[in-house]
Amino acid sequence: MSDPATPANHPADYAPPKVWAWNKESGGRFAAINRPVAGPTHDKVLPIGKHPFQLYSLGTPNGVKVTVMFEELLAAGHKGAEYDAWLINIGEGDQFGSGFVDVNPNSKIPALMDRSGKTPIRLFESGAILMHLAEKFGGAFFPTDPEKRAETLSWLFWQVGSAPYLGGGFGHFYAYAPFKIEYAIDRFAMEVKRQMDVLDRRLADAEYLAGDEYTIADMAVWPWYGALAKGLTYGAGEFLSVQDYKNVQRWTDQIAARPAVKRGRRVNRAQGDDGLRERHDASDFDKLPEKAPEKA
């Protein structure tokens, strides 16, 4: 008879070895690209377009943060923010090409080369890219008022620290793991709901995360938690009762209605005919159907 404190779908006889060894695939949807070492697996030079900024990315939440920022900058009149967006297909291992690893040694999207100055500058990690672009364009979407600036930074870094629990934690065990583990799903579901409550309470008191201004904090948080609020993330909307977070819902809809956001979320989408696999000119959007993609 099993221990009543042990979930039925948990192997009660498993004990971690003294020293972990990579002797089998981790399992799950991304098993083929998961590995415990860094560095390139093959030689591949990254393409370079005509614009000052070269983005190498994919239309996942982390990628959408940056394409939304570029489209918002352009909409605000910053012509110097023109960019080329090249598709990095992480399912095929593009992130392990030598050129990409040179830009981002962590082999994650997005990665950016800023070629607007005399010396090209590499940037990786979406939060760092947002801050760099905001400062590059005179504090665009980044308040100069000390209190609002501090609030913006706090929510930006909140997202950076919180999203792994939603993606690599809840998302992995709920949607991608090779078998369901009740303890893991319950533990991460509890944390994701706590995070949604944190956001909902903040947005009950403020129009946007930093206050009355739309900032890079909203651009960072929205692709992850806005998609979750609409039930588009992992198909877990009903499971997490996302409709209960009324203030998050209001904020999500408000940001989704912005024209620049509609454009940004369509860039570097690898599937479907409603997105741009690559973006090299503003006119590229004219080739798309009017309806924006529904999936995050």
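The values are calculated or read from the model by the stated rules, or taken from the named source; none is laboratory data. Remember, it's a predicted structure, so these values are computed and weren't measured experimentally. Note that each Cβ is placed from the backbone with ideal geometry, even for glycine, and that neighbours are counted across all protein chains shown.
Things worth noting here:
- Yes/no for A204 being of a type outside the set (K, R) and loosely packed, with under 15 Cβ neighbours inside 10 Å: yes
- Filter result (within 18 Å of E238 (Cα to Cα) and part of a loop (DSSP other than H, G, I, E, B)) within the range 174-184: K180
- Selected residue (criterion: farthest from the chain's Cα centre (by Cα)) from residues of the range 185-242 that are in a helix (DSSP H, G or I) and of a type in the set (V, I, T): I185
- Pick from the range 18-45, criterion modelled with pLDDT of 90 or more, over 23 Å from the mean Cα position of the chain (by Cα) and not β-branched (V, I, T), ranking: surrounded by the most Cβ atoms within 10 Å (Cβ to Cβ): K44
- Members of the range 153-164 found to be in contact with a helix residue (DSSP H, G or I) (Cβ under 7 Å, 6 or more places away or on another chain) and either on the phi > 0 side of the Ramachandran plot or surrounded by 18 or more Cβ atoms within 10 Å (Cβ to Cβ) (or both), listed by number: W155, L156, Q159, S162, A163
- Applying a threshold of 9 Å to beta carbon distances and a minimum spacing of six or more residues, or different chains, the list of pairs starting in the range 201-219 at a residue that is under 13 Å from V261 (Cβ atoms) and without any contact (Cβ under 8 Å) to a residue 24 or more places away in the chain and ending at one that is buried (at least 19 other Cβ atoms within 10 Å of the Cβ) and of a type in the set (G, A, S) is empty.
A quick yes/no check of all residues on (1) of a type outside the set (V, I, T); (2) at pLDDT below 95; (3) at positive phi:
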| position | (1), (2), (3) |
| --- | --- |
| G63 | yes, no, no |
| A75 | yes, no, no |
| E82 | yes, no, no |
| F96 | yes, no, no |
| R115 | yes, no, no |
| T119 | no, no, no |
| E125 | yes, no, yes |
| M131 | yes, no, no |
| E147 | yes, no, no |
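- For the range 46-60, the candidate set comprises residues that are polar (S, T, N, Q) and outside any loop (DSSP other than H, G, I, E, B); within that set, the residue that is nearest to the chain's Cα centre (by Cα) is S57.
- When residues of the range 207-231 are limited to those that are in contact with a Lys or Arg (Cβ under 6 Å, 6 or more places away or on another chain) and within 17 Å of T60 (Cα to Cα), the one surrounded by the most Cβ atoms within 10 Å (Cβ to Cβ): A220
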